[in-house]
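Reviewing the structure listed below.
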Amino acid sequence: MNVEDSGRAADRLSIALQDESSSNRLASALAAGTRPDPSYVEVLVRRCAVEPDFFVRDMLTWALLRHPTSKTVPRLVYEVGDDGSQARSQALHTLSKIGDPRGWAAISAELLRDPDDDVARSAWRTAAGLVPAGEEAGLAEELCAQLGRGSPETQRSLGRAFATLGEVALPPLEARSADARSGVRIQAAASAALVRDPEANFDGLLADAERADSAAR
């Protein structure tokens, strides 16, 4: 496909991804991944930022995975700096799926502390999967600052990030066992238990930690 034809195809994809029918948008995203073209990357990334349907967003991510990382990773790293929370979250989610070490360039302390829980959860997962060798302990310490935050879903996401980091996360988690805030103590204990047994049920570990914390008071 020459440059002109490729540009026209990207324009058609952009229009198709704005169709009122989520089924039609899903089919268009599938087609873009089935027959990838570099010109689609910009269109797919932009649509991820605004697509309201979860299944279509998932297909958009799949389509991006079908394109060369030399095209997708730099564009997604740039997208992480967008003002929109969905744009940041989806770009991080896609980077975590791609698994390219260059995606680490998108991670910052500010992103790990993002006030939007969806963005923060995506940042934790991506960071834990892409952290360069030798920087795991620093990341674990940074993530410990988020203990006690948010809903059970948010706490599960943080626990899974610690489990991905592995035993390097245990010292900073264990250091929080004497924290004045019960929510921090409890989540730290549950997360440490998950690090030791990644197959365990985090909700069960959290309940165990709550009982133990109450008994110790």
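Read-outs throughout are calculated quantities, based only on the coordinates presented, and are distinct from any laboratory measurement. Computed from a predicted structure; not experimentally measured. Backbone-built Cβ (ideal geometry, glycine too); neighbour counts: all protein chains shown.
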Give the share of C-alpha pairs in each 10 angstrom bin for the chain, from 0 to the last occupied bin, in whole percents, shortest bins first.
-> 8, 31, 28, 19, 10, 3, 0, 0
What net charge do the residues around S14 carry, taking every other residue with its C-beta under 12 Å from that of S14, with Lys and Arg at +1 and Asp and Glu at -1?
-> +2
Return the FRET efficiency for the residue pair D53, E199: r is the Cβ-Cβ distance, R0 is 22 Å, and the value is rounded to the nearest 0.05.
-> 0.10
Rg and Dmax of the range 25-71, using alpha carbons, in Å: what are they?
-> 9.4, 27
For R25, R46, ascending order of other Cβ atoms within 10 Å (fewest first) is R46, R25
Env charge @ E167, Cβ radius under 13 Å, K,R +1 / D,E -1, value -2
When you take every Cα atom in the range 84-208, what is the radius of gyration, and what is Dmax, the widest Cα pair distance, in Å?
-> 13.6, 39
Given the peptides 178-188, 121-131, 199-209, 151-161, arrange them by the average over their residues of other C-beta atoms within 10 Å, most packed first.
-> 121-131, 151-161, 178-188, 199-209
Volume per residue of the C-alpha convex hull in the range 136-217, rounded to whole Å³ | 76
When the chain is treated as a GNM, springs tying every alpha-carbon pair under 10 Å, which of E167, E20, E79 comes out with the largest mean-square fluctuation?
-> E20
Listed by chain and number, the residues whose amide H is under 5 Å from that of D100, excluding neighbours fewer than 5 places away on the same chain and using placed H, are none
Tilt relative to the chain, helix 152-165 - C-alpha long axis, 0 to 90 degrees, to 10 = 90
For helix 69-79, report the angle its Cα long axis makes with the longest principal axis of the Cα atoms of the chain; keep it between 0 and 90° and round to the nearest 10°.
-> 70
Can you tell me how much longer the chain between D100 and R12 gets when fully stretched, taken as 0.36 nm per residue apart minus their C-alpha distance, in nm with one decimal?
-> 28.8 nm
Give the angle, between 0 and 90 degrees and rounded to the nearest 10, that separates the Cα long axis of helix 182-196 from the longest principal axis of the Cα atoms of the chain.
-> 70
Treat the count of other C-beta atoms within 10 Å as a stand-in for reagent exposure and order Y40, Y78 from fewest to most.
-> Y78, Y40
A178 to D213: extension gain in nm, 0.36 nm per residue of separation minus the Cα-Cα distance?
-> 11.5 nm
Compute the signed sum of charges (Lys and Arg +1, Asp and Glu -1) over the other residues within less than 13 Å, Cβ to Cβ, of A180.
-> +2
With each pseudo-label sitting 7 Å past Cα toward Cβ, what's the A133-D117 distance in nm, one decimal?
-> 3.7
Of G150, A109, G33, which is farthest on the positive side of the dipole of the chain, counting Cα position, with +1 on Lys and Arg Cβ, -1 on Asp and Glu Cβ, and the Cα centre as origin?
-> G33
How much length is gained on full extension from E167 to Y78, taking 0.36 nm per residue of separation minus their Cα-Cα distance?
-> 28.9 nm
